[in-house]
Amino acid sequence: MYRDLPGLVAASYLPGGDLADALRGAEGRSARTKICLSFLARVRLAPLYVLIVIGVNVVLNHAVSAEVRTQIVLANSTNVANLQDHRIWTLVTSAFVLDERVGVLALIPLLLLLSVAEVLWGWRRLLVVFFGSNAVTSCLVYGLLLAGVRGGWLGGAITVASDVGTSYGSHAVGGALALTLPVRARRYLVPLAIAVVVVPLLNGGTFTDVGHLLAVLLGFLAGWQMRRRPLAGRLRRPALLRADQTADQTLAYSFDDVAGARAALITALRQHRPVRLDDAVVAWSDQADRIHVQETRDMDAIDGTLAGGAWGVVLGTFVGLPITGLVIGAGAVAVAARRHDAGLSDTTVERTMRAVPKGRGALLLLADPAGQPALTCALTRTGGTPVPDVAQS
């Protein structure tokens, strides 16, 4: 069985694709304005976060003394001293504290950036990219500084330097946006994002500038994952991770070719709200009778490396070995992901393809049995033929 990279769906299912489709189908400026306003209703996390940052820093700037403010900033910094003392909460709280006195107007670009990301991705992905990248970047910077201090390349004063603010998270969001926007925009935004963080380093940048570079690279990885696995945020949790997994049923439909099966997947996704869909796989056989599979949910070695490396560097920070944690986490989870078969199993796919005539494509769905009539009706209209006696094993 040959696993092809995910990428089964049309551009409308990529981040922001639904907004692009809606605008493309609108006629007139007023219709486009109404659509944009309707999509702005998605913006919830971005203004809430910016308001909290403003509130925290108004208190620090006007309600406490300069000495107390300095102590609070240092206590919430992701510097070497704090992370060596296992003050792990600073990986989160540092994103709410600003090192300098910043006016409200200066935070408007941050609000716009996060709002655009939330409209395109949804608040859950924004939360993961912003705070996840902030934590991982802080741990990587900590590991580099710790190695520099222990190796005698950096002075001990850097271990108590302040390292707070929104810059790591915002740089990661910017990098992810540069990768998830349409092709024409990516041609300009990706080089621009790289230039923004590389130029300060060429001019003798600080460790914070190194963190900005790392954050943008993490953002690129996040954006690449969104484009490579666009359905991961649309399908629910894998069935093997849910308590009611026994209630799910495997449904299979054959089509004239693999293109028909891919098109049928879009039809199945349009039934996503009334029908609970937990996994989807498109499979086909080539002339050498080799089975090719494109999955929407199962984690492969690449996903395992990225996820394991991120968790490894954070957990490794607990024991003062972030780089070691990065290597061990990436390797261990990559191996586990490659061996683990979540959602629709390989056995089910192989059994289905043996029941499908050669040259035809197949669409397998793991769905709530209550949704089978709606799915069968919709997919039959697209040329699908139900494959009988397919059971999950």
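Some notes on this structure:
- Segment 96-117 and segment 149-215 have their alpha-carbon centroids 17 Å apart.
- Peptide ranges 144-157, 40-53, 317-330 listed from the most packed, as the mean C-beta count within 10 angstrom indicates: 317-330, 40-53, 144-157
- A simple rule links phi to the HN-Hα coupling: the Karplus curve 6.51 cos²θ - 1.76 cosθ + 1.60 with θ = phi - 60°, which for segment 363-378 gives 10, 10, 10, 10, 9, 5, x, 5, x, 4, x, 5, 5, 4, 5, 5 Hz, with x for Gly and Pro.
- Length gained when the stretch Arg44-Ala332 is fully extended (0.36 nm per residue, less Cα-Cα span): 100.1 nm
- Ala355 versus Asn61: modelled label distance in nm, points set 7 Å from Cα along the beta carbon direction: 6.6
- Shape analysis of segment 20-68 places it in the prolate category; the axes a ≥ b ≥ c from the Cα gyration tensor give an a/c of at least 1.5, with a/b above b/c.
- Placing one equal scatterer on every Cα of segment 5-120 and applying the Debye formula, the log10 ratio I(q)/I(0) at q = 0.11 Å⁻¹ is -0.58.
Bear in mind that the values in this text are calculations on the coordinates, not laboratory data. From a predicted model like this one, the values you see are computed outputs, not experimental measurements. Heads up, the Cβs are rebuilt from the backbone with ideal geometry, glycines too, and the neighbour counts pull from every protein chain shown.
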